[in-house]
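One structure below.
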Amino acid sequence: MKKEELIEIIEKLKENRDLSDAEFLALLTTDEEEVRQHLFECADNVRRENYGTDVYVRGLIEFSNYCKNNCYYCGIRKGNQKVMRYRLTEDEILECCKEGYALGFRTFVLQSGEDPYFTDERMISIVSNIRRNYPDCAITLSIGEKEHDSYQAFFDAGADRYLLRHETATKSHYESLHPEEMSFEHRLKCLQDLKEIGYQVGAGFMVGSPYQKTKYLINDIRFLQKLQPDMIGIGPFLTHGDTPFSNQPNGSLEFTLRMLSILRLCFPYVLLPATTALGTIHPLGREMGLACGANVVMPNLSPRRVRKLYELYDNKICTGEESAQCRGCLEKRVASKGYQIVTDRGDVKKS
Ligand code: 5AD
Ligand code: FES
């Protein structure tokens, strides 16, 4: 397809927030540098129209790396015997929030593997304590697949948001990334339940995950268009040496950036993080992500001693820093691109 036609497709996407499959495919596969640059610029313009130059920060607390699942891509899968497992206590989690609040965080993201130790009762206690101590903060959970009533109970205890990446909207692909015990249908049901309960919901996927085809990414866009999530988390797939995918290559930086811009144009209001995986694949990956439509960063608030242990993929960044260092580092990185971190819950601005 000619350069001019591709530029026109981008204009059309900006206008209609949608394209045909063939048009999406053309954008995803073009090698034209000028077209890519135009796509990135348009995404940045749309981001500025909706969120100005503000960047929202989320304090990420990785409170347990125990997991009962065995996803083939993930470094903390149950089958990885080499991981030293840890859990934070409720007091340690509250201590992270205290430190985070002082650093200007107004959203806490509690993330863990699917750890049966953290029963509904324990989670409800943690969530309600954070809610009581920090009434002006948003609480985001990212603790995997649960049943409807558990999600409802966490919501009633004060959780506002939930992150559960769908990983891929193509069933056969889902099955090549996960063992038989895991169900594509259940994952989608979880996202539906979360929406119905009233959470601000985040879905998402890895770019360049093993066996991914370009057309599957179009399925992902179609799926997101139906779900209408408030947040979309994407990052490149990154190899972890102690998983069944240890010989699979990393996803690509360029392709992730392209996908970020397309998502910004499809979902002008969406909260789109420049992820840690993006910062891991390239030292300036997060900065590039911000310039391509991303408007959220998620620095680590976990105690330093456990950071290295929450290793979903090899060479994860920010494992040696204290929370305050990470916060300061990001402040500079964000400013280097002409944006600024704001002290704000950073709720979605849906038009
Ligand atoms: N590379 C990149 N992202 C990964 N995740 C898990 N393992 C990897 C990996 N090897 C992502 C998944 C998961 C999120 C918490 O991290 O998409 O949903
Ligand atoms: Fe963590 Fe730079 S963001 S050290």
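Put +1 on the Cβ of each Lys and Arg and -1 on the Cβ of each Asp and Glu in the chain; which of Y101, S142, V35 then has its Cα farthest toward the positive end of the dipole?
Y101
For n ≥ 4 DSSP H runs only, could you compute -39500 (n - 2.57) per run for the chain, divide by its residues and tell me the 222 nm figure to the nearest 500?
When only DSSP H runs of four or more count, the value is -14000 deg cm²/dmol.
If we count other beta carbons within 10 Å of each Cβ, what is the order of S150, S64, fewest first?
Ranking S150, S64 by Cβ neighbours within 10 Å, fewest first, gives S150, S64.
For the chain, take the longest principal axis of its alpha carbons; what is the angle in degrees between that and the long axis of helix 214-227, to the nearest 10 within 0 to 90?
60 degrees
Mind jotting down a quarter of the surface of the convex hull over the alpha carbons of the chain, in square nanometres, one decimal?
Mean projected area of the Cα convex hull: 15.9 nm².
If you take every residue apart from Q37 with its C-beta less than 14 Å away from the C-beta of Q37, what net charge results, scoring Lys and Arg +1 and Asp and Glu -1?
Once all neighbours under 14 Å are counted, the net charge is -4.
Could you rank the peptides 52-59, 171-178, 106-113, 287-294 by their average count of other C-beta atoms within 10 Å per residue, with the highest value first?
So the order, starting with the most tightly packed, is 287-294, 106-113, 52-59, 171-178.
What does DSSP give for the chain in terms of the percent of beta bridges that are antiparallel, rounded to the nearest 5?
If I count the DSSP bridges inside the chain, around 5 percent turn out antiparallel.
Every number here is computed from the coordinates shown, using simple stated rules; none is lab data. Fair warning: this is a prediction, and the values are worked out from it, not measured in the lab. A quick note on method: Cβ atoms are made from the backbone with ideal geometry, for glycine too, and the neighbour counts reach across all protein chains shown.
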